[in-house]
Protein chains: 2
Amino acid sequence: MVARPASDGTVAKALDVLDLVASFGRPVRFSDVLEQSSFPKATLYRLLQTLVSQGMLAFDADRSCYTMGIRLVRLAHVAWAQSSLAPIARPHLDRLSAQVGETVHLAQLDHAQVLYVDKRNARMPIPMYSQAGKVGPAYCTGVGKAMLAYLPEGQLPAILAQQSWHRFTPKTLTSPDALQKELAAIRARGFALDDEEHEPGIICVALPVMTSGGAVLGALSVTSTTSHTDLDALCAYAPLIRDIARTIAQETETWRFPEEDAHSTRKRA
Amino acid sequence: MVARPASDGTVAKALDVLDLVASFGRPVRFSDVLEQSSFPKATLYRLLQTLVSQGMLAFDADRSCYTMGIRLVRLAHVAWAQSSLAPIARPHLDRLSAQVGETVHLAQLDHAQVLYVDKRNARMPIPMYSQAGKVGPAYCTGVGKAMLAYLPEGQLPAILAQQSWHRFTPKTLTSPDALQKELAAIRARGFALDDEEHEPGIICVALPVMTSGGAVLGALSVTSTTSHTDLDALCAYAPLIRDIARTIAQETETWRFPEEDAHSTRKRA
DNA sequence: TAGGTTAGTTCCATTATTTGAAACCTATTT
DNA sequence: AAATAGGTTTCAAATAATGGAACTAACCTA
């Protein structure tokens with residue numbers, strides 16, 4: 001319902017601009033941004049200036065274009081280090097990656113979408129959409145379906161309502177009903193599969209990372225290509241992934257910020 | 001000069017709050033933030049609310065505390081991926097780390113300070129201040145001095161004026177004059193050394209990463225402890241570091257965004 | 001359990017910032 | 001020399017932010 005807070009908050013607008021610039025994934029000139037933005041020229045101009053002077057964006061005078069600022073990079077590290085799963089999961093992702101030699105993903109739900117939080121490439125990297133920091137659809141990816149299948153009662157409808165149901169490939173499930181059946185199958189089977197539903201030739205096995213209380217923290221997947229292996233073979237990894245997911249979940253619950261003393265060191269100069 | 005833009009921009013204030021929350025490095029309650037902040041209660045409250053509703057912060061209702069938001073995490077990745085040096089340097093850092101077995105840093109200048117952009121731990125990790133995403137002083141760290149020494153004419157005075165000149169150890173250089181001499185020595189020698197100037201027992205060799213045009217992009221360092229080795233031994237790594245720095249710089253110049261097509265895929269749903 | 005203390009939230013008249021159409025630059029192009 | 005594109009500044013009107021104080025909820029404390 002909070003779709004577009006319309007004329008609310010200057011901060012919101014500035015952040016929208018930040019997102020917009022980020023979405024280009026490359027340095028952009030003023031006019032590039034203007035074209036994509038719904039703000040009037042003068043307003044956009046000032047918002048960009050603010051972001052630059054705040055260090056969230058940087059302006060390269062030589063090429064007269066905007067890039068991500070160094071302050072954002074700094075926040076980036078803090079954010080990543082705290083996005084509970086990522087730092088805890090890191091060594092386990094390494095382990096999983098080493099054992100299976102395939103592409104490995106760690107994802108979390110971001111609104112109704114999948115946010116790839118971390119990734120390890122296969123020994124022989126394969127080109128694909130996913131990338132740490134990118135968001136992808138939930139209804140047609142392994143990690144997405146794994147999380148949806150184990151979501152607490154009642155949360156699912158709202159999320160389904162926000163899916164785009166775009167048919168990426170002939171195998172994409174494009175309706176809530178079809179997906180509901182698939183989710184039931186996932187629960188019965190104990191893990192999720194992506195059978196080229198998002199990208200042709202890309203397949204994966206995925207399992208959710210869940211607390212003992214049943215909360216879905218994220219999901220792990222092992223991804224490969226049809227030219228290299230098949231779903232049956234990937235299924236064999238499910239138990240290993242489950243073990244690792246369980247370990248990560250346990251550590252999340254145990255750990256919960258062991259470094260309560262860290263701020264004594266940090267006094268600002 | 002732009003020390004504290006005082007009563008300028010709501011965006012600035014919101015971002016200050018964001019930084020503040022980030023600086024705790026852990027989930028914080030409202031009152032924790034209030035204590036550290038100069039904003040009145042109501043104002044801070046609303047700023048936090050804005051940040052939460054914008055997804056830059058997340059509010060954990062159970063523990064009633066604020067953490068980094070998922071939107072920030074997402075921006076974080078984009079920022080990191082674009083902070084030109086980091087992604088390009090990554091494999092080279094790995095290589096350097098593997099070859100020397102010591103702690104390795106990649107840093108960039110953030111205003112007048114050093115921002116550690118990436119890091120590899122030594123085979124036997126040693127406790128020290130630096131950490132990816134942290135900022136440190138420029139005048140008394142290896143990477144900082146390496147960058148200052150090769151800064152283009154005219155930029156140095158402004159930066160020196162912003163140093164704190166705090167005496168961290170007996171060996172810290174605490175005046176612009178002393179540092180200027182040291183920088184000349186660095187240029188003569190071709191690389192920078194940190195002889196326990198920031199932390200007792202911590203020493204390092206550092207070299208700048210520079211474009212062929214002479215612009216300072218960042219710096220690389222190999223760090224160790226006096227109990228484990230000495231400066232003379234570290235100096236031996238200088239040529240290797242120089243090679244790697246040069247490679248990184250070259251790739252930065254060649255590369256410059258090879259993925260100009262990436263946005264065709266990304267169309268918003 | 002009344003009485004107090006802390007922590008978080010809302011109100012609202014005042015104040016300050018943001019807004020954006022249009023005018024204005026300043027290189028480039030025709 | 002005139003026109004265009006890309007960027008920057010102005011200024012009165014519109015809008016959003018401010019913060020003191022009042023309020024609520026939860027948790028102590030005696």
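The values are calculated or read from the model by the stated rules, or taken from the named source; none is laboratory data. It should be emphasised that the depicted structure is a prediction, and the values quoted were computed from it without experimental measurement. Cβ coordinates were reconstructed from backbone atoms using ideal geometry, including for glycine residues, and neighbour counts include every protein chain displayed. All accessible areas refer to the heavy atoms of the entire protein, side chains included, with ligands and DNA or RNA removed. Shrake-Rupley method; radii C 1.70, N 1.55, O 1.52, S 1.80 Å.
Points to keep in mind about this one:
- Estimated FRET transfer efficiency when R0 is 56 angstrom, pair B:Ser175-A:Arg242 (beta carbons, to 0.05): 0.40
- Sorted from greatest to least, the principal axis extents spanned by the alpha carbons of chain B come out as 56, 50, 41 Å.
- GNM on chain A, alpha-carbon springs under 10 angstrom: the most fluctuating residue among A:Pro137, A:Pro127, A:Pro40 is A:Pro40.
- From its DSSP helices (H runs of at least four residues, each -39,500 (n - 2.57)), chain B gives a residue-normalised ellipticity at 222 nm of -13500 deg cm²/dmol.
- With a cut-off of 11 Å on the backbone N, the residues of segment B:141-176 near the modelled label site 7 Å out from B:Arg189 along Cα-Cβ are B:142, B:146.
- Fluctuation leader among B:Glu251, B:Glu102, B:Glu197 - chain B, Gaussian network, Cα springs under 10 angstrom: B:Glu251
- Interface area, A with B, accessible, probe 1.4 Å, both sides summed, Å² nearest 100: 4900
- Protein accessible area in segment A:171-218, 1.4 Å probe - carbon and sulfur %: 54
- Shape analysis of segment B:101-151 yields a ratio of the Cα radius of gyration to the Kirkwood radius, Rg/Rh, of 0.98.
- The three principal axes of the C-alpha atoms in segment A:189-233 carry coordinate ranges of 39, 18, 14 Å, sorted with the longest axis first.
- When each of A:Lys13/B:Lys41; A:Lys41/A:Lys134; B:Lys119/B:Lys181; A:Lys13/A:Lys41; A:Lys119/A:Lys145; B:Lys119/B:Lys145 is checked by Cα-Cα distance, pairs over 21 Å: A:Lys13/B:Lys41; A:Lys41/A:Lys134; B:Lys119/B:Lys181
- 1.4 Å probe accessible area per residue over the protein assembly as shown, in Å²: 48
- Cleavage-rule hits (trypsin sites (Lys or Arg not before Pro)) in segment A:88-125: DSSP loop, at most 12 neighbouring Cβ within 10 angstrom: A:Arg123
- Using a probe radius of 1.4 angstrom, the carbon and sulfur fraction of the accessible surface of segment B:43-139 is 52%.
- Axial C-alpha extent at least 20 Å, average Kyte-Doolittle at least -1.0 - helices from chain A (DSSP): A:10-24, A:85-100, A:238-255
- Förster radius 41 Å - calculated FRET efficiency between B:Lys41 and B:Thr211 (Cβ-Cβ, nearest 0.05): 0.25
- Based on the Kirkwood approach, the hydrodynamic radius assigned to segment B:169-247 is 13.3 Å, with every pair of different Cα atoms included.
- For segment B:160-242, the set of trypsin sites (Lys or Arg not before Pro) satisfying both a DSSP loop assignment and a count of at most 10 other C-beta atoms within 10 Å is empty.
- Placing pseudo-labels 7 Å out from each Cα toward the beta carbon at A:Ala61 and B:His166 gives an inter-label distance of 3.1 nm.
- Largest first, the extents of the alpha carbon coordinates of the protein assembly as shown on the three principal axes equal 73, 51, 44 Å.
- Per residue of peptide A:17-24, the mean number of Cβ atoms on other chains within 10 Å of the residue Cβ is 4.
- Two numbers describe the Cα atoms of segment B:10-74: Rg and Dmax, which are 10.5, 30 Å.
- Only Lys, Arg (+1) and Asp, Glu (-1) charged, at Cβ; chain B dipole about Cα centre in debye: 700
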